[in-house]
1. With the condition being under 28 Å from the mean Cα position of the chain (by Cα) and crowded, with 20+ Cβ neighbours inside 10 Å, I'd like the helices (runs of 4 or more DSSP H) fully within the stretch 302-361 carrying at least 1 qualifying residues.
2. Would you pick out the residues in the stretch 144-165 that are among the hydroxyl-bearing types (S, T, Y) and either surrounded by fewer than 18 Cβ atoms within 10 Å (Cβ to Cβ) or modelled with pLDDT of 75 or more (or both)?
3. Return the residue satisfying two criteria in turn: it lies in the stretch 257-276 and is surrounded by fewer than 17 Cβ atoms within 10 Å (Cβ to Cβ) and farther than 15 Å from P309 by Cα, and of such residues it is modelled with the highest pLDDT.
4. If you take the residues of the stretch 50-73 that are over 16 Å from G98 (Cα atoms) and either hydroxyl-bearing (S, T, Y) or surrounded by 13 or more Cβ atoms within 10 Å (Cβ to Cβ) (or both), which of them is modelled with the lowest pLDDT?
5. Looking only at the stretch 166-217, which residues are touching a Phe, Trp or Tyr at 6+ places or on another chain (Cβ under 7 Å) and assigned to a helix (DSSP H, G or I)?
6. Does K498 qualify as being assigned to a loop (DSSP other than H, G, I, E, B), surrounded by fewer than 16 Cβ atoms within 10 Å (Cβ to Cβ) and touching a helix residue (DSSP H, G or I) at 6+ places or on another chain (Cβ under 7 Å)?
7. Suppose we keep only residues that are more than 42 Å from the chain's Cα centre (by Cα) and among the β-branched types (V, I, T) within the stretch 547-600. Which one would you say is nearest to R443 (Cα to Cα)?
8. Looking only at residues that are over 27 Å from T573 (Cβ atoms) and among the basic types (K, R) in the stretch 438-482, which one is surrounded by the fewest Cβ atoms within 10 Å (Cβ to Cβ)?
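The values are calculated or read from the model by the stated rules, or taken from the named source; none is laboratory data. Values in this document were obtained by computation on a predicted structure and should not be read as measured data. A quick note on method: Cβ atoms are made from the backbone with ideal geometry, for glycine too, and the neighbour counts reach across all protein chains shown.
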Amino acid sequence: MNKKISFSIWYVFLAIWAVILVHNYIYALQKIEELPYSEFKTLVVAGKVAEVSVSSQTLTGKLQSEGESKEQKLFTTIRVEDPDLVRDLNQHGVKFTGVIETTFWRDLLSWVLPALVFVGIWFFFIQRLGQAQGGFMRVGQSKAKIYAETDTKVTFADVAGVDEAKEELREVIEFLKTPEKFTRLGGKIPKGILLVGPPGTGKTLLARAVAGEAGVTFFSISGSEFVEMFVGVGAARVRDLFEQAKVKAPCIIFIDELDALGKARGMGPMAHEEREQTLNQLLVEMDGFDPRIGVILMAATNRPEILDPALLRAGRFDRHVLVDRPDKIGRLAILRVHAKQVALGPDADLENVAAMTPGFSGADLANIMNEAALLAVRRDKTQVGLPELQEAVERVIGGLEKKNRVLNKMEKERVAYHETGHALVALSLPGSDTVQKISIIPRGIAALGYTLQLPTEDRFLMTKSELENKVAVLLGGRIAEELIFGEASTGAQNDLVKATDIAKSMVKAYGMSEKLGTITLERERQPQFVQIQVAQEKGDYSEETAREIDCEIRRIIDEQYERVKGLLGGKRTTLIEGARVLLEQEVISGTELKAIMDKG
């Protein structure tokens, strides 16, 4: 319903309301007197009634004029069952007529009016549904956002830290710009390009940069936007998307979060019929379109292991491009891209920040730059310096500082010895990550203190001794509490979880148990890029092997426990002095603790 028609309907309502008011006003001016039926009969006998109109419900008429006035008063009364009425009217000379009533309009309104109300309510909700979903009758049309050649405004200059992926995609750009270069030798560009990698590494940004570099139309849609509650809608949207793309060719179709649409068929306890129909239609469309027309299908996912094998075969998504977390050089390039929007001070050493952030994705690094800018504003600074950048890194890793959370004296002492124990073990064992900072200021949700360790370089492999050192560092806090206070507290719960997980992986996954040998007993299919909790299932091994696994995990933990207990026992004086300084200052650096350890 457009705006003009809506206004005309309101005019009709106002006109009806005005007619009703005028009718009531005229009715009131007529001064019709309501009489009881008994008084009406008395007036008839007295000869004071001039004429009467008889209907099924009422009697209306005029009274005789009295005196010199020729005005006849109007009256009305309710009709009752009276067999003598007609005889009395004839006997006293009263003119009467019978009114033939029709119930046509009343009956018509009795069913037409409710129907009109129902249709009006239905039309109102359909109109609102159409506004929310782009039109009820267009539910089968694609919801893809279409960016023209000049609207993308993203190029490879805006993408950093993924140089290998960019090189893989330059071939696609050349094909979209000069397709004859490939077709003259019979070459065909891959129909589908799948970008895989951890969350936040820039897969979507990279796809938009390809469209921006090639200067072609960019269709962007999420995998979840295909699937609806109506069966067949998803398949219709897939068809409509490819039809639009053929018209706009050359172009790029980008499907984000492909795993929402392309999950392997038949997975899980219940099959989703609508999603599977949509996936089947996508497979058919990918087989049907000619790559020579210049339509490139790109998709991104961080769960490639759950995709349907039919999607990944040659001729569909036949080129997989890994968009991994950046190395140190890549992190520095990403920081420089985001630093263009931030006023940096002369002491803002981005290389230092890049070295402090191994394993961070592009989204994490963008968040660090934003947090540093917010901290500088909060501190009334005109530029972002190195202290704000370092604080932003710690905030992303450990959470927000909670200086208002007040610990009592006993708890504060326990936290100080606990964190000093972690740091002393890390400083004493070779190959451990560098201790950057020790703090007893609470951070995050449950951390009452923390020891910040940052590796000096990117690592991709770890040896058995390095894993054992990690377990030892995690146990250092609990053992320090036991040495000083004679008993442990609940503060080491998270440390024990991490230590047990490392020991379990050493035994079950890495084959680092001499008793069990060089075999892997890990059966769960862990996600490749997303860290999620997978339900533990018993592997394909006997109860005896399961008991040996438990014994080996306990052995590794016990060995490191005894090792750390002896190490901290020999550094008891340093432990006490380090905890004392930490209680006084609340935050100390690893260099300060190393100086205390060297004195001891």
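1. Qualifying helices (runs of 4 or more DSSP H): 309-312, 328-339.
2. Step one: list which residues in the stretch 144-165 are among the hydroxyl-bearing types (S, T, Y), which gives 147, 150, 152, 155.
Selection gives T150, T155.
3. Ranking the qualifying residues of the stretch 257-276, first place goes to E273.
4. Step one: filter the stretch 50-73 for residues over 16 Å from G98 (Cα atoms), giving 63-73.
Imposing the further condition that a residue be either hydroxyl-bearing (S, T, Y) or surrounded by 13 or more Cβ atoms within 10 Å (Cβ to Cβ) (or both) reduces the set to 63-65, 69, 72-73.
Working: L63: 81, Q64: 79, S65: 75, S69: 62, Q72: 73, K73: 79.
Filtering first and then ranking leaves S69.
5. Result: K166, F175, F182, A207, R208, A209, A211, E213.
6. Values: assigned to a loop (DSSP other than H, G, I, E, B): no; surrounded by fewer than 16 Cβ atoms within 10 Å (Cβ to Cβ): yes; touching a helix residue (DSSP H, G or I) at 6+ places or on another chain (Cβ under 7 Å): yes.
Judged against the criteria, K498 is not a match.
7. V581
8. Of the stretch 438-482, the ones over 27 Å from T573 (Cβ atoms) are 442-447, 454-467.
If we keep only those that are among the basic types (K, R) as well, we get 443, 459, 464.
Values: R443: 21, R459: 11, K464: 13.
It comes out as R459.
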